[in-house]
Amino acid sequence: MQNYSNHSNIFAVVNKFQHSNSNMVKVKDIFKRNKASIFLFIVLIVSFIIENINGRFWLNDFKVYYTAASRLFNGGTLYNEAFGLGSGYYKYSPFAAAFFIPFTFLPYKIAAIIYYFIIAYLIVQVLKMALYLANIIAGKEIPMNQQSILLYVFLAGIVHLQRELHLGNVNILLLSILLFSLKKMLDGKMLLPAILLGLVILFKPHFIIFIPSLLLRKKFGIALLSMITVMVGLMIPSLFLGVHQNVELHSQWLQTMQTHNAGIIDARQTIYSILYQYLIQFFIPQPDKVYLLILLMMAGMAVSFFIVNHLINERAAKTSETINSNGHFISEFFLLLALVPSLTLTDSEHFLLSLPLITVLIYFLVNKGVSKMMASLIIMGQLFYGGNIHDLLGGKLSDLVETMGLLGVGNLVLIGLFYFVDVRNDR
């Protein structure tokens, strides 16, 4: 009996050791699959420490959202009043302010720290999701050795990512919501992705650019539910203010947007300014709203052709297992994301919306093999896109790069290369 008991103890110890060893293997495997993500998050923690040491942990844009949310909750005014340094005027929807109300129950400093780490976490998740979706476009499984692509994409956008964190803006937050919505659409869901898309449109109406593409894709339910979400969201501030004051608040918001976008033709990084500066000025002395509308129509036609071409290919190959309709839909989504900062009046950090598209280009550069000319153009586009490092170039050269609109030029170059890569990948 004693001997049986000893054997049982030995087996228990062995099983415990094997279980412990199995857990160690799982931990090592998780670390191996996420080492790039862990490294990037550590970099962002170090950035947080450095910002605080240098006394530059300001998050001025977050301060605007925080203050506007507090004003909304207490029935105060939102528009035409500076809430922070620089462009500290609140110019977003009343719903966007309502989104930040939970933060106002905390002291600003604590709320800012929490928001910083939310954005830091979402940066890593956006890069991982973009890589995951890039693999679907390519029709491949995610290789273990592709974690390095996350580092390349991070470096390509580091200037804009650093500015996003320093200001505490919402671009990464909205981008993460959009990519998650896209993932759910691919999974065949309707309600959740529609609600998420509607919430993003409530933050920034220019994301309504996705509705026509959904209609072309016959995703009528998602498009309809998204717009219903927008209508409901517009009414939410009534809970704090009453219907009459909510209507007045939205009227002020529309006026603020109109004022903000008055100089869109002259915005250096937009397609309107770039084409005028380098081409149109030799034929037209002064651009006007007609010029703006023509370019918007041309951009819409180009995107529509891009989508319709995909649909034609899908119909032609509908009996073939090689067609990649999910990959097509992702490509269309990424193209529209990258176009937003080139078509709207935004700050430089809004070009973070091009990161998914850049992920695809880097993925193909690393995995598919491209010509030297193509590789050179991708690198040039990325340098224009993310190379305006003030401390590296110096004030005068950095200002010159800004004046020449090279960020916008780089974004348009990358969009053009993405179109070429998409066509070649289809073939």
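The values are calculated or read from the model by the stated rules, or taken from the named source; none is laboratory data. As the structure is a computational prediction, the values presented were derived from the model and not from experiment. Neighbour counts are summed over all protein chains in view; Cβ atoms, including those assigned to glycine, are modelled from backbone coordinates with ideal geometry. All accessible areas refer to the heavy atoms of the entire protein, side chains included, with ligands and DNA or RNA removed. Shrake-Rupley method; radii C 1.70, N 1.55, O 1.52, S 1.80 Å.
For Tyr89, nonlocal amide neighbours, meaning residues 5 or more places apart or on other chains whose placed amide H falls under 5 Å from its own, are Phe83. Axis of helix 191-203 versus longest Cα principal axis of the chain: the two differ by about 40°, to the nearest ten degrees.
Residues in the chain average 51 Å² of solvent-accessible surface per residue, probe 1.4 Å, ligands and nucleic acids excluded. For the Cα atoms of the chain, what angle does the longest principal axis make with the long axis of helix 147-156, in degrees from 0 to 90, nearest 10? Helix 147-156 sits at roughly 20 degrees to that axis. For region 309-393, evaluate the Debye formula with one uniform point scatterer on each Cα (no solvent term) and list log10 I(q)/I(0) at q = 0.11, 0.12, 0.16 Å⁻¹, rounded to two decimals. Debye curve over Cα of region 309-393, log10 I(q)/I(0) at q = 0.11, 0.12, 0.16 Å⁻¹: -0.43, -0.50, -0.82.
The packing ranking, built from the mean of other Cβ atoms within 10 Å per residue, places the peptides 31-38, 263-270 in the order 263-270, 31-38, highest first. When the Cα atoms of the chain are aligned to their principal axes, the ranges along those axes come out at 99, 57, 50 Å in descending order.
If you roll a 1.4 angstrom probe over the protein chains with everything in place, what fraction of the accessible area of the chain belongs to carbon and sulfur, to the nearest %?
Working: 14520 of 21700 Å².
Carbon and sulfur: 67 percent of the exposed surface of the chain.
Per 0.36 nm of contour for each residue apart, how much would the distance between Val308 and Met380 grow if the chain were fully extended, relative to their Cα-Cα spacing? Present the calculation step by step, with values, prior to reporting the outcome.
Numbers: separation 72, 0.36 × 72 = 25.92 nm, distance 2.96 nm.
In short, 23.0 nm is gained.
Ranking Pro193, Leu234, Thr256 by Cα position along the charge dipole of region 173-280, where only Lys, Arg, Asp and Glu carry charges on their C-beta atoms, puts Pro193 farthest toward the positive end.
Karplus-derived 3J(HN,Hα) values for region 407-421, using 6.51 cos²θ - 1.76 cosθ + 1.60 with θ = phi - 60°, are 4, x, 4, x, 5, 5, 4, 5, 5, x, 5, 4, 4, 4, 4 Hz; glycine and proline are entered as x.
Charged side chains reduced to their Cβ positions (Lys and Arg at +1, Asp and Glu at -1) give the chain a dipole of some 1120 debye around its Cα centre.
Across all Cα atoms of region 257-415, the radius of gyration (one decimal) and Dmax (whole number) stand at 17.8, 59 Å.
Whole-Hz Karplus ³J(HN,Hα) for region 61-69, in order, using 6.51 cos²θ - 1.76 cosθ + 1.60 and θ = phi - 60°, x for Gly and Pro? Listing the rounded values in order: 5, 5, 4, 5, 4, 4, 5, 4, 5 Hz. Taken one residue at a time, the phi angles of region 36-46 give Karplus couplings (6.51, -1.76, 1.60, θ = phi - 60°) of 5, 5, 4, 4, 5, 5, 5, 4, 5, 5, 4 Hz. Gly and Pro are set to x.
In this model, which of Lys91/Lys189; Lys63/Lys109; Lys183/Lys219 are farther than 21 Å apart at the alpha-carbon? Going by Cα-Cα distance, Lys91/Lys189 fall outside the 21 Å limit.
Here the peptides 191-197, 310-316 are ranked by packing, the mean other Cβ count within 10 Å, and the order with the highest first is 191-197, 310-316.
Out of Asn425, Gln382, Ser331, whose Cα points farthest toward the positive end of the dipole of region 309-427 (charges: +1 Lys, Arg; -1 Asp, Glu; placed on Cβ)? My answer, from the dipole projection, is Asn425.
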